[in-house]
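The values are calculated or read from the model by the stated rules, or taken from the named source; none is laboratory data. As the structure is a computational prediction, the values presented were derived from the model and not from experiment. Neighbour counts run over all protein chains shown; Cβ positions are idealised from the backbone, glycine included. Note: areas computed on protein heavy atoms with side chains; ligands, DNA, RNA excluded. Shrake-Rupley method; radii C 1.70, N 1.55, O 1.52, S 1.80 Å.
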Amino acid sequence: MNRSETLFEAAKQVLPGGVNSPVRAYRAVGMAPRFITGAHGSRIYDEDGKEYIDYVCSWGPMILGHDHPAIREAVERAVKDGLSFGAPTRREVEIAQLMVELVPHIEMVRMVNSGTEAVMSAIRLARGATGRDKIIKFEGCYHGHSDCLLVNAGSSALAGGHPSSAGVPADTVKDTLTAQYNDLSTVEALLNEYPEQVAAVIVEPVAANMGVVGPAPGFLEGLRALCDKSGALLIFDEVITGFRLALGGAQAYYSVRADIVTFGKIIGGGMPVGAYAAKRALMEEVAPCGPVYQAGTLSGNPVAMAAGLAQLTYLRDHPEVYQRISALGETMAQGLRKAAADAGVPVAVNRIESLLAPFFTPTEVTTFVDAKGSDVGRYAQYFAGMLQRGIYLAPAQFEAMFISAAHSEAEMEQTITAAREVLAELGGK
């Protein structure tokens with residue numbers, strides 16, 4: 001038994017399932033998780049001293065790689081001033097000003113502590129501003145673990161076989177309606193069935209919690225039109241896509257305006273943080289300006305703000321980062337497709353810029369139904385083979401691969417070579 005396995009046995013005695021977040025338990029791949037001791041650049045290291053090329057990147061925020069000097073130095077300076085004040089700081093203002101500068105169609109920002117909290121607060125804002133109760137979400141899209149959104153969820157809720165959750169009262173979700181991602185007719189039908197009752201339509205602009213599934217041509221534009229017609233607000237959950245898909249997020253990338261946008265850990269350089277943002281008139285519905293209450297002692301934590309400000313400033317000043325990680329993503333996608341074809345293993349590889357997902361299915365994946373058709377058992381075998389070869393992937397079929405600016409062309413080739421070996425073994429079975 002290696003050190004990670006020993007730690008996992010100990011962890012299971014004091015942590016539910018041995019982890020503090022379900023997907024970390026590796027249940028979807030039938031293994032014990034690796035316990036991590038550190039990370040630098042594109043590499044991550046476990047308790048047994050093994051080094052991996054990391055494509056999880058703390059589930060996305062490490063767009064510059066681990067331990068980037070600009071972020072590390074900003075955090076070190078901030079820590080010297082104190083860890084938490086429960087009071088306003090200059091950095092909160094500066095990062096909000098920078099976000100308003102970079103992201104289209106937002107004028108004010110409220111900092112919170114996680115993506116879950118950001119989405120929960122955005123939903124409350126939409127309901128408060130419209131005076132309506134119902135919301136529309138999409139099957140397979142994950143928006144955090146707040147009660148009203150744990151319906152037909154993606155991410156680890158899907159991988160674990162529990163798309164909803166115990167402990168969520170029926171009355172809590174009675175106003176949550178579910179549509180099909182990339183199918184506008186299902187949204188229109190719900191809006192027609194509940195006229196003037198839907199406060200918001202919330203969507204991952206790129207569905208990155210059922211693997212990686214991009215919006216069909218006209219889908220996001222169609223949502224915008226349906227919301228305008230019905231009076232519902234359009235919420236973009238950009239916890240994954242914000243500042244990763246493009247400097248201005250999905251609104252800039254797809255040229256579609258959202259009414260409210262939510263962000264997650266990428267705006268904290270990987271530290272616990274989230275935010276929601278919108279036009280001034282809408283955001284001034286939030287306390288203390290307006291009647292929509294939301295608060296948090298640690299919101300705008302000075303250390304997290306220092307990390308986030310350093311990361312977003314670097315991205316603003318180095319736009320070439322996006323071209324680089326996109327090119328690396330294309331190299332990876334093409335290499336994986338060829339490796340799978342050569343091995344005779346049916347794999348569909350979806351890529352949008354630096355987000356990728358290989359689906360073990362012979363069909364194109366454009367919907368949640370397509371994604372669910374993947375062979376999760378074969379993915380588990382693929383995951384194990386790649387891990388053995390020093391490639392650290394998400395331990396579930398329905399998650400994304402993330403490429404950072406710290407990755408290299410040589411690492412892409414090393415990863416593709418490892419995939420070629422694993423897929424050849426799978427093709428021979």
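Leaving out ligands, DNA and RNA, and with a 1.4 Å probe, what % of the accessible surface on the range 76-133 is carbon or sulfur? Don't skip to the answer; put the middle values down first.
Values: 1480 of 3040 Å².
The value for the range 76-133 is 49 percent carbon and sulfur by accessible area.
Quick check on my link table: of LYS12/LYS137; LYS12/LYS50; LYS12/LYS265; LYS137/LYS265; LYS229/LYS279; LYS279/LYS372, which ones sit more than 30 Å apart, alpha carbon to alpha carbon?
Where the Cα-Cα span goes over 30 Å, the pairs concerned are LYS12/LYS137; LYS279/LYS372.
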- Note, ³J(HN,Hα) from phi for the range 124-139, Karplus 6.51, -1.76, 1.60, rounded to Hz, x at Gly and Pro: 4, 4, 4, 5, x, 6, 9, x, 10, 10, 7, 10, 10, 10, 10, 4
- Message: With a cut-off of 8 Å between alpha carbons and a minimum separation of six or more residues, what is the relative contact order of the range 277-391 in percent?
- Response: 12 percent
- Query: Simple spin-label model, 7 Å along Cα-to-Cβ: GLU51 to GLU284 in nm?
  - Reply: 5.5 nm
- Sorted by chain and then number, the residues having a modelled amide H within less than 5 Å of the amide H of GLU399, at least 5 places away or on another chain, are GLY211
- Message: Check which residues have an amide H placed less than 5 Å from ALA179's amide H, if you skip close sequence neighbours.
- Response: LYS137, PHE138, GLU139
- Item | C-alpha center-to-center spacing [the range 190-238, the range 74-88] in angstrom | 38 Å
- Estimated inter-spin distance, MET1 and HIS40, nm [label 7 Å along Cα→Cβ]: 3.1 nm
- Calculate the radius of gyration of the Cα atoms of the chain to one decimal place, then report Dmax, the largest Cα-Cα distance, as a whole number, both in Å. 21.1, 64
- For the chain, calculate the relative contact order in percent as a whole number, restricting contacts to Cα pairs under 8 Å that are 6 or more residues apart. 22 percent
- Message: Report the rotationally averaged projected area of the range 335-414 based on its alpha-carbon convex hull, in square nanometres.
- Response: 5.3 nm²
- Task: Pop out the Kirkwood hydrodynamic radius of the range 270-342 from its pairwise C-alpha distances, inverse of mean 1/r, in Å to one decimal.
- Result: 16.2 Å
- Task: Compute, for ASP81, the solvent-accessible surface of its heavy atoms (probe 1.4 Å) with the complete set of protein chains present, and express it in square angstrom to the nearest 10.
- Result: 100 Å²
- Note: the range 189-262 at 10 °C, 1.306 mPa s; Kirkwood Rh on alpha carbon pairs; Stokes-Einstein D in µm²/s works out to 126 µm²/s
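For the range 311-353, what is the accessible area per residue in Å², given a 1.4 Å probe and the full set of protein chains?
Working: 1790 Å² over 43 residues.
For the range 311-353, the per-residue accessible area is 42 Å².
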- Task: Would you work out which of ALA371, THR415, LEU355 lies farthest towards the positive end of the dipole of the range 353-415? Charges go on Cβ: Lys and Arg +1, Asp and Glu -1.
- Result: ALA371
- Give, rounded to the nearest 20 debye, the magnitude of the charge dipole that the range 264-402 has about its Cα centre when Lys and Arg contribute +1 at Cβ and Asp and Glu contribute -1 at Cβ. 160 debye
- Item | Rounded accessible area per residue of the range 56-139, 1.4 Å, Å² | 44 Å²
- Virtual spin-label span in nm between GLU73 and ASP342, 7 Å along Cα→Cβ: 4.2 nm
- Message: Cβ neighbours within 10 Å, averaged per peptide: list 15-24, 58-67 in order, most packed at the top.
- Response: 58-67, 15-24
- Extent along principal axes [Cα atoms of the range 372-429; Å; largest to smallest]: 32, 24, 17
